[in-house]
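Before any comments, here is the structure.
The values are calculated or read from the model by the stated rules, or taken from the named source; none is laboratory data. Note that the coordinates shown come from a computational prediction; the quantities given were computed from them, not determined experimentally. Cβ coordinates were reconstructed from backbone atoms using ideal geometry, including for glycine residues, and neighbour counts include every protein chain displayed.
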Amino acid sequence: MSLTVVIADDHPIVREGLRTVLTAAGDVDVLGEAADGAEAVRLAERLRPDVVLMDLRMPVLDGVAATARVVAEAWAAVLVLTTYDTDGDIARALAAGATGYLLKDTPRRELAEAVRAAARGETVLAAPVAAKLAAGARVGRRALSARELEVLRAVARGLSNPEIGRELYIGEATVKSHLTHVFTKLGVTDRTAAVTTAIARGILPAPA
């Protein structure tokens, strides 16, 4: 039985190339193509493919927002395929629920196998992405103090600064100070980015 895929990329030549590669695999059926994130969401809802192959930088609705919607509705597994491998892009995509993260220089045979793995629910990461996550986890665990990690875990649970202070028996000003240190060490500027980056780097567990 063939696996079913929707391709989402704003460049027609990329979509055409991906369709050719996947069709040649013999066991992959491309059900549709989307030129933007909103169209990808609509096709995922209507066609219910096994996998959506999702670019990140697209008009109307970007790939991260589209991924979050598709995954939240359980319409398909999402496998990101992009040229971007920054920590922020990786963190946002994985936090949105992407099953995997590949780069567009992925060899043809590996791409087809990655689609199969994503359809099975397996995590698929390009080697450079996996290396970044592993390095980030090692650095993150060393960089954050025990108290900073406690504060970050509380932020991930949705607690406000006053609530964190009461739970940890510290003042609100101290909570803010710890958060400032966390932001600096993770290279982010807000609470949401701190949590998503920490999850992507393996510092915090992914939400169940």
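Counting only residues that are in contact (Cβ under 8 Å) with a residue 24 or more places away in the chain and of a type in the set (Val, Ile, Thr), which one in segment 1-19 is farthest from residue 118 (Cα to Cα)? Going through the qualifying residues, I end up with 14. Just one of the listed residues (184, 180, 192, 174) is within 20 Å of the chain's Cα centre (by Cα), assigned to a helix (DSSP H, G or I), not assigned by TED's automatic domain parsing to the domain that holds residue 99 and not basic (Lys, Arg), and it is 192. Only a single item in (1) exposed (fewer than 14 other Cβ atoms within 10 Å of the Cβ); (2) at pLDDT 90 or above is not met by residue 115, and it is number (1).
Scanning segment 157-171 for residues that are farther than 17 Å from residue 192 by Cα, assigned to a helix (DSSP H, G or I) and among the aliphatic types (A, V, I, L, M) returns a single hit, 168.
In segment 62-78, the count of residues that are crowded, with 21+ Cβ neighbours inside 10 Å and over 24 Å from residue 193 (Cβ atoms) is one or more.
Just one residue in the set 49, 59 is in contact (Cβ under 8 Å) with a residue 40 or more places away in the chain, part of a loop (DSSP other than H, G, I, E, B) and touching a strand residue (DSSP E or B) at 6+ places or on another chain (Cβ under 6 Å); that residue is 49.
Being in contact (Cβ under 8 Å) with a residue 12 or more places away in the chain, within 20 Å of residue 67 (Cα to Cα) and not assigned by TED's automatic domain parsing to the domain that holds residue 18: is that true of residue 154 here? Criteria not met by residue 154.
For segment 94-111, the set of residues classified as in a helix (DSSP H, G or I) and either without any contact (Cβ under 8 Å) to a residue 40 or more places away in the chain or surrounded by fewer than 23 Cβ atoms within 10 Å (Cβ to Cβ) (or both) consists of 95, 108, 109, 110, 111, listed by residue number.
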